[in-house]
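I have placed the structure first, in the form of structure tokens, so that the comments after it can refer back to it.
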Amino acid sequence: MLVSAFDRIARSTRNFLQVIDELDSLETEFISRREGVATGDAMGRLFVTIISAIAELERSLVVERVKSGMRRARLEGRQIGRARLDVDREQVVLDRRSGMSLTQVAKKHNISRASVCRLMKEANENPVPGILNPPDELAQQAGAGQ
């Protein structure tokens, strides 16, 4: 089996060695083009194990650096990820519940249809007493409280 590089096969040394063992059981030799290593003999297998362990270490170091950078950015008050949707959420929910289509609501508020669906889902999962509750839920709550 010819691959462009080790890191295209597995994310961890353990998983990589399992793949190599499975290829061996199928009597298939593993060859990495970039590293120029084959698993046909003991020395090749040794190099494969060492290189895969180093690749796993590099990946772990990158993950640690990214997490550290995100932690530092949060402490400095910087926004991580996409900015929060700047829209009147209650009005989106009211417009949708009034009978407007997803497309109509999305165009009116200049957001995507998916955002309308997400806001509706949030409103249904975390109902705020009053405006965001559907009328039939309000009636049920009023009847239950008496």
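Quick notes on this structure:
- Neighbour-count order for THR39, THR13, THR103, THR49, fewest beta carbons within 10 angstrom listed first: THR103, THR49, THR13, THR39
- Efficiency of FRET from Cβ geometry, GLU58 and ILE80, R₀ 25 Å, rounded to 0.05: 0.60
- Potential lengthening between ARG71 and LEU2 on full extension [0.36 nm per residue; Cα-Cα distance subtracted]: 20.9 nm
- Of the trypsin sites (Lys or Arg not before Pro) found in segment 50-117, the ones in coil according to DSSP and having at most 10 other Cβ atoms within 10 Å of their Cβ are ARG78, ARG82, ARG84.
- Cα gyration tensor shape for segment 83-128, rounded if a/c is under 1.5, else prolate or oblate: oblate
- Computed from label points 7 Å out along Cα-Cβ, the spacing between CYS117 and ASP21 is 4.2 nm.
Rule-based calculations on the coordinates, nothing more; no lab input. Everything numeric here is computed off the predicted structure, so don't read it as measured data. Glycine also receives a Cβ, built like all others from the backbone with ideal geometry; neighbour counts cover every protein chain displayed.
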